[in-house]
Amino acid sequence: MIRRKEFDQELEELRTLLRQMGEHVGTALDGAIESLQTMDAEKAQVIIKNDANLNALEDKIMELGSKLIITQQPVAKDLRRIIVAFKISSDLERMGDLALDVAKVTLRMDGQQLIKPLVDIPRMAEIVKAMIEESIESFLKENTDLAYKMAQTDDQVDQLYSHMISDLYSFMTDHPNKASQAMLLMLVGRYIERIGDHATNIGESTVYLVTGKRPDLNQ
């Protein structure tokens, strides 16, 4: 009973660390988009600098999970919980890198004015941030319905991304001298779309945790 109590306590610590990673990614994405909208290079630099904190959280998860496997020798669903925590932390770390990439675009555009007001990009980021929160919540509550619901939201992101690409290509046709910035904005859209894909990966991990089978929610 004592070992089980210790295991449950450390498992809860793993969950807390994953929640913190999710919050960090959401904050980084918000900040990166704001830096782009306002062409704020200083804010972009802060996002880049803070990425080390996300990496440190992932390291803590790997260390704690490895310790649990070695000392507690979990089996069945308990083992899956730890394996899934590893996978989710990896997805979150990659999402943080993609948010950092958005901030780097701000730095590359430093001194420029936006070729047009940002509409689709902030909307995509808003939806993706909600997906991040729901994906983490689906894992913490082991709620497969929420995982599937979250994954369906990714269709909205894909539609906005397609619309943005089409719009920017049309813009470049009319303003070829501004193609360089338009291409950078396309990259930003791609980064955000990829964050959404990683959120659906977390949904897949939740379903695997509960059912033992991993679906493809990125279809």
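The values are calculated or read from the model by the stated rules, or taken from the named source; none is laboratory data. Since the model is a prediction, treat every value here as computed from it, not as a measurement. All Cβ positions, even for glycine, are placed from backbone atoms using ideal geometry, and neighbour counts span all protein chains on display. What goes into the accessible areas is simple: the full protein's heavy atoms, side chains included, and nothing from ligands, DNA or RNA. Shrake-Rupley method; radii C 1.70, N 1.55, O 1.52, S 1.80 Å.
Structure above, values below:
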quantity: Ordering of 102-111, 80-89 by packing [mean C-beta count within 10 Å, highest first]; calculated: 80-89, 102-111
quantity: Sites S66 and S170, calculated FRET efficiency, Cβ-Cβ separation with R0 45 Å, nearest 0.05; calculated: 0.30
quantity: Environment charge at E142 (Cβ cut-off 11 Å; Lys +1, Arg +1, Asp -1, Glu -1); calculated: +3
quantity: Listed peptides 112-123, 28-39 by packing density, highest first (mean Cβ within 10 Å); calculated: 28-39, 112-123
quantity: Two-site label geometry, K178 and A76: point separation in nm, points 7 Å out along Cα→Cβ; calculated: 6.2 nm
quantity: Shape call, region 20-123: gyration tensor on alpha carbons, a/c limit 1.5; calculated: prolate
quantity: Virtual spin-label span in nm between Q112 and M186, 7 Å along Cα→Cβ; calculated: 1.3 nm
quantity: Region 88-219, relative contact order in percent, only Cα pairs under 8 angstrom and at least six apart counted; calculated: 39 percent
quantity: With every protein chain in place, region 53-177: carbon and sulfur % of accessible area (1.4 Å); calculated: 50 percent
quantity: Alpha-carbon centroid distance for the pair region 46-104 / region 122-145, whole angstrom; calculated: 17 Å
quantity: Mean accessible surface per residue for the chain, computed with a 1.4 Å probe while every protein chain stays in place, in Å²; calculated: 50 Å²
quantity: Distance between modelled label sites at R19 and K141, nm, 7 Å Cα→Cβ extension; calculated: 1.3 nm
quantity: Along principal axes, Cα extents of the chain, largest first, whole Å; calculated: 69, 34, 19
quantity: Listed peptides 207-216, 132-141 by packing density, highest first (mean Cβ within 10 Å); calculated: 132-141, 207-216
quantity: Mean separation of Cα contacts under 8 Å (6+ apart) over length of region 1-211, as relative contact order %; calculated: 28 percent
quantity: Chain lengthening between N55 and Q9 when straightened (0.36 nm per residue, less Cα-Cα); calculated: 14.3 nm
